1. Between A5 and E95, what is the spin-label point distance in nm, taking each point 7 Å from the Cα along the Cα→C-beta axis?
2. Between T87 and S115, what is 0.36 nm times their sequence separation minus the Cα-Cα distance? Round to one decimal in nm.
3. Semi-axes, largest first, in whole Å: what does sqrt of 5 times each Cα gyration tensor eigenvalue give for the range 77-122?
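No value in this document is a laboratory result; all are computed from the given coordinates. The structure displayed is predicted, hence computed values, not measured ones. Here the Cβ is made from the backbone with ideal geometry for all residues, glycine too, and neighbour counts use every protein chain on show.
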Amino acid sequence: MTDYAQEQEMEIEALEAILMDDFKEIHSSESGLNTSNRCFQIKVIPQDDEGDELSTPVELALIFSHTEKYPDEPPLLNVKSLRGIHTEDLRILKENLEQEASENLGMAMVYTLVSSAKEWLSERYGVDTNAEDAEAEEATKDDVIIPHGEPVTVETFLAWRERFEAELALERAKLMPESALTAPKEKRLSGRQWFESGRGSARGPVAVAEGSDVEDEEDIDFDDDDFEDDEEDMLEHYLAEKSESPSHS
């Protein structure tokens, strides 16, 4: 002979262990059920596909009470809205749960009914994950940085490099004494030779090597103003010479 009371008590203990704070015993007068037996309430919240609770503004109370011959007969069931569930939806859900209970006679079924209620709520009130993904994708597109400016090509790079070299030559010319710039071509040091000789290490008096035909100069002040007027002409001249010389990699 089946011990219904023992089976019912074992199910209640299992539900308490699984559902914890979402499971509680309530007075029969609060249940909405026509019974004086013990009544219990389970809070149900929609879940996503991974089983995580959704932050939706709906909560359901699934209320049940064991009948004398449960689980060989269905439990008494009721559903209440704790937050945000329409009356018509409650009626539909209750009918679905009663139908499922009749299909699961002979076994403890309350947890199965709770899972069905969560699934139904998720479908009815859950967030549209496809819409969320679309919004997230659209937000990502807005964050994409679109590059600005002229794209770099071989031609633009070579033009930039020639101009850079010309400007560098002008800067070196500013550091060289006037005597080095005005000396005869055969005795004139190149910018590279002049810097490697150590004469460009300071912007002050320049020592001239012994035996050089270039006269000593004292207290030469290399002021940038000495070359400002001719800077553009020197740059244009340098670029013209570069364009006339054979192409280099």
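1. For A5 paired with E95, the spin-label model returns 3.8 nm.
2. Result: 8.0 nm gained on full extension.
3. For the range 77-122, the ellipsoid semi-axes come out as 20, 11, 8 Å.
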